[in-house]
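First up is the structure itself, then whatever we jot down about it.
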Amino acid sequence: MTRRVLVAATIGLLLGLALAGCGAGSDAATSATRGSIPGVDADDLGVAIRNARVPFAPEGYAAGADARVELSVINNGIEPVQLVDLDSPAAGSVSVVSAAPVAGTAPPAGDGPPNGGAGPQLLLAPGEAVTAVLQVAGLREPLDGTGSLPVVLTFDNGAGFTLNVPSAPPAEPLPREPAEPAEES
């Protein structure tokens, strides 16, 4: 009787392992999925960076070229914060070229600092969120579609970020040539 129990247990274990492997491989439902947010997130001292990414460029970015970094910045603290320094060891300079408040997060007029939106003058009132575009000028090395770009942001409340900002994936699948069938040998 114990032999039958052992055989049944072994068959059950093997069946369970076989079923667990059914979703693996290149035909699995998750093999074609990608993350819903392609950028990097970070938090420090009440300041949050969300979805920081370099927009996809099919040809990449050549050495000496400029690249953009798109991101959202959120002040989760109770005091206003200001961006005081931007840098990248991979480029000549970094600057804020645009910033726009996220709908519903801008403070009422006179209830905190306005969003400067230029240079390192990016100001955020408590609870405010902005989408911003940084210009990274004079890349020291080329950046392809799979690389990342180091960017350093420092705020006046002591929050500091050293981010390796990834290149975003293309919004649509890239065109490809059809594969040629291999010759039989």
Checklist outcome for this item: Note on region 54-71: residues buried (at least 17 other Cβ atoms within 10 Å of the Cβ) and more than 15 Å from A137 (Cα to Cα) are A57, L71
Item to check | Residues of region 143-169 that turn out to be outside any strand (DSSP E or B) and surrounded by 13 or more Cβ atoms within 10 Å (Cβ to Cβ), as a count | outcome: 7
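Consider A132 carefully, then state whether it is under 30 Å from A65 (Cβ atoms), hydrophobic (A, V, I, L, M, F, W, C) and modelled with pLDDT of 90 or more. Before you say what the answer is, go through the steps one by one.
Working: under 30 Å from A65 (Cβ atoms): yes; hydrophobic (A, V, I, L, M, F, W, C): yes; modelled with pLDDT of 90 or more: yes.
The answer is yes for A132.
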Item to check | One residue from A159, A168 being modelled with pLDDT of 95 or more, within 20 Å of the chain's Cα centre (by Cα) and within 19 Å of R50 (Cβ to Cβ) | outcome: A159
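The values are calculated or read from the model by the stated rules, or taken from the named source; none is laboratory data. As the structure is a computational prediction, the values presented were derived from the model and not from experiment. Counting neighbours? That spans all protein chains shown, and the Cβs are built from the backbone with ideal geometry, glycine included.
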